[in-house]
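Trainee: Below you will find the structure I want to go over with you.
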Amino acid sequence: MYDWLLGPFVEFEFMRRALAGTTALALGAGPIGVFLMLRRMSLVGDAMAHAILPGAAVGFLVSGLNLFAMTAGGLIAGCVVALLTGFVARMTELKEDAALATFYLLSLALGVTIVSMVGTNIDLLHVLFGSVLALDNQTLLLIAGNATITLIVLALIYRPLVIECVDPNFLRSVSGAGAPAHFAFLALVVLNLVSGFHALGTLLAVGIMMLPAATGRFWARDITLMVVIAAICGTVSGYAGLLISYHAGVPSGPAVILVAGVFYVVSLLFGHVGGLVRQMLPQRHLEA
Amino acid sequence: MTAALRFNNLTLGYDRHPAVHHLDGAVDTGALMAVVGPNGAGKSTLFKGIVGMIKPLAGRIERGELSARDIAYLPQAAEIDKSFPINAFDMVAMGLWHHTGLFGGIDKRGRRRVEEAIAGVGLTGFEDRAIGTLSGGQMQRMLFARLLLQDARVIVLDEPFNAVDAKTSADLFDLVRRWHGEKRTVLTALHDIDFVRANFPETLLLAREPVAWGNTASVLTPENLLTARRMCEAFDEHAAECAVPTVAA
């Protein structure tokens, strides 16, 4: 049993690195996912994941599979799309979702063009699905650093972020912090996607953000608890996914996300707050 | 008496169409003023202008030494996400923003003030309830508790008693009266003419253009009310440019 649960991590360094990577990723991405969900921006993560593609591709074009260049490129592309989206949404009649849809699709088309012009299929696979089992020191540091930045910045902008979700007009009437907090939050989304795409690839990076967050929704009525549950759920998914991928020989990135998916489905069914089974069980109503 | 707010040839609107047209006048400090008019008369637009949410198309609003934090605003249909996981206590505690700012914590004294405000609107015992479980009247009480904490010198209420029962509106109006007693300036948009006659010393009758403004009894005459209704019916999608010069004072 011990061998089965801990053996792979004791024996192989690449497994320990992968575990450290997914843990750091889950700690940062979980809370971000909760806010995306509460701001009704659950699909924004997905859109932004596509938006960072041309940046990463240009980084690759300039300097090959270089961590720094691809990260910087991804960050820049993501932030440009986020800023343009925010600008158009706040200045014109176009709503945020429509503005984002237009820019991310353009960005994606550009990214695919660049990748297929200069890259090989292997490079494309790396960008799309990541390589959690081949995290080097630099990448690990990047992911951990991003998680640290995420948690600190999230703590700083927590209050305006919450109030802007609940009662945007009130925040506007007492403070001008709404827009800066929103942009800082979008920057954090991009930051976590860039972390995520090194480990899980652009497509699956959103999974470790949204699935644990949606899981948390079924167990907590309080946002703080929701954030904690999301982070824990993501971490455990990382561990269990890596373990299953090791023993069953399935690809590790998808395994991590699938485990998170199992947590989600179980919560959806049996969750304490609005789970489906709980809704269907007959419950006597209270007196008052 | 000094003016809390002064309007100079103020025009507010959307897409160049005026919703409030050429409004001149002043709101005295400590006034308890009703803003009355048919739907589409520009009441909400005027309030949005006062709190700075929209910019004047022409003219200006002078706020004297008032800063943004001195004006508290309760919008007509607050865009509150009721599904958000937050309880009534935290919601009311937002009213302490000017003490806590972005990062400040809420100390014991702050917590006591929040509890007092919640007690002041008769919601004691509801502190831990999620806002989504509150009724319409309880929601409005909660928002008034938040206004209490904001401790603002000017309070702008946009149809605060819509869709609440008689008991709730009486309780909430007691708070308005208390604010008036504390020399705060209170502007309230209302539709209940009899209620305005009974409770508000001063009234502005608006129908995009000001119809009358002053002592409530002299403003709310049948002739004025009829004029107001007629003026609001005339709206022209292809209106020509307004010829009145818009020189800012």
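Trainee: Across peptide A:157-164, how many C-beta atoms of other chains are within 10 Å of each residue C-beta, on average?
Mentor: Shielding by partners across A:157-164 averages 3.
Trainee: For labels at A:Leu286 and A:Thr148 in the simple 7 Å Cα→Cβ model, what's the distance in nm?
Mentor: 4.5
Trainee: For chain A, modelled as a Gaussian network with Cα springs under 10 Å, which listed residue fluctuates most, A:Gly59, A:Gly33, A:Gly74?
Mentor: Top of the fluctuation ranking is A:Gly59.
Trainee: Considering only DSSP beta bridges whose two residues both sit in the protein assembly as shown, what percent are antiparallel, to the nearest 5?
Mentor: 50
Trainee: Can you give the mean number of other chain Cβ atoms that lie within 10 Å of the Cβ atoms in peptide B:85-97? All intermediate terms of the calculation are to be shown ahead of the outcome.
Mentor: Numbers: counts 14, 9, 2, 0, 0, 5, 4, 0, 0, 8, 2, 0, 9.
Mean partner-chain Cβ count within 10 Å for B:85-97: 4.
Trainee: For chain A, which span is the longest to avoid every loop-located (per DSSP) member of GluC sites (Glu not before Pro) having at most 10 other Cβ atoms inside 10 Å? Mind showing how you got there, number by number?
Mentor: Working: sites that count: A:Glu93, A:Glu287.
The answer is A:94-286.
Trainee: Return the average number of partner chain Cβ atoms within 10 angstrom of each residue Cβ along peptide B:69-75.
Mentor: Working: counts 3, 0, 2, 3, 5, 3, 4.
Taking the mean over all residues of the peptide, I get 3.
Trainee: Still on this structure, please answer the following. Taking the Cβ of each residue in A:Ile208, B:Ile71 as the centre, tally the other Cβ atoms inside 10 Å and list the residues starting with the fewest. Walk me through the numbers before you get to the answer.
Mentor: Values: A:Ile208 32, B:Ile71 24.
The most exposed by this proxy come first: B:Ile71, A:Ile208.
Trainee: Can you sort A:His272, B:His99 from fewest to most other Cβ atoms within 10 Å of each residue's own Cβ? Don't skip to the end; give the middle numbers.
Mentor: Details: A:His272 11, B:His99 14.
Arranged by neighbour count, lowest to highest, A:His272, B:His99 become A:His272, B:His99.
Trainee: Please work out whether chain A counts as rounded, prolate or oblate from its C-alpha gyration tensor, where a ≥ b ≥ c are the square roots of the eigenvalues and a/c under 1.5 means rounded, while otherwise a/b larger than b/c means prolate and anything else oblate?
Mentor: Details: a/c = 1.87, a/b = 1.06, b/c = 1.76.
Because a/c hits 1.5 or more and a/b fails to exceed b/c, chain A counts as oblate.
Trainee: Rounded, prolate or oblate, given the Cα gyration tensor of region B:102-186, with a/c below 1.5 counting as rounded? Before the final figure, lay out the partial values.
Mentor: Numbers: a/c = 1.83, a/b = 1.12, b/c = 1.64.
Judged from the Cα gyration tensor, region B:102-186 comes out oblate (a/c at least 1.5, b/c at or above a/b).
Trainee: Here's a follow-up. Under 14 Å from the Cβ of A:Leu268, count the other residues' Cβ atoms, weight Lys and Arg +1, Asp and Glu -1, and hand me the total.
Mentor: Details: positive: A:Arg217, A:Arg278; negative: none.
Every neighbour counted, the sum reads +2.
Trainee: Hey, another quick one. Could you tell me which of the pairs B:Lys82/B:Lys167; B:Lys48/B:Lys167; B:Lys48/B:Lys82; B:Lys48/B:Lys183; B:Lys55/B:Lys167; A:Lys95/B:Lys82 are separated by over 25 angstrom between their Cα atoms in the structure shown? The partial results should precede the final answer.
Mentor: Working: B:Lys82/B:Lys167 23 Å; B:Lys48/B:Lys167 28 Å; B:Lys48/B:Lys82 23 Å; B:Lys48/B:Lys183 22 Å; B:Lys55/B:Lys167 37 Å; A:Lys95/B:Lys82 21 Å.
Listed pairs above 25 Å: B:Lys48/B:Lys167; B:Lys55/B:Lys167.
Trainee: Estimate the FRET efficiency between B:Ala240 and B:Glu182 by the formula 1/(1 + (r/R0)^6), using the beta-carbon distance for r and 60 Å for R0, to the nearest 0.05.
Mentor: Values: r = 47 Å, r/R0 = 0.78.
Rounded to the nearest 0.05, the efficiency is 0.80.
Trainee: Put +1 on the Cβ of each Lys and Arg and -1 on the Cβ of each Asp and Glu in the protein assembly as shown; which of B:Gly120, A:Val118, B:Tyr73 then has its Cα farthest toward the positive end of the dipole?
Mentor: The one lying farthest along the dipole's positive direction is B:Gly120.
Trainee: So what is the relative contact order of chain B, in percent, for Cα pairs below 8 Å that sit 6 or more residues apart?
Mentor: Values: 438 pairs, mean separation 69.7, N = 249.
Taking the mean separation of contacting Cα pairs over the length of chain B, I get 28 percent.
Trainee: Fewest first, what order do A:Met226, A:Met15, A:Met1, A:Met48 take by the number of other Cβ atoms within 10 Å?
Mentor: Details: A:Met226 27, A:Met15 20, A:Met1 6, A:Met48 31.
So the ranking, lowest neighbour count to highest, is A:Met1, A:Met15, A:Met226, A:Met48.
Trainee: Which shape class applies to region A:1-141: rounded if a/c is under 1.5, otherwise prolate when a/b exceeds b/c and oblate if not, where a ≥ b ≥ c are the square roots of the Cα gyration tensor eigenvalues? Provide the component values of the computation, followed by the final result.
Mentor: Numbers: a/c = 2.80, a/b = 1.49, b/c = 1.89.
Oblate is the answer for region A:1-141, as a/c is 1.5 or above yet b/c matches or exceeds a/b.
Read the figures in this text as sums done on the coordinates, not as results from a lab. Values in this document were obtained by computation on a predicted structure and should not be read as measured data. Cβ: placed from backbone, ideal geometry, glycine included. Neighbour counts: every protein chain shown.
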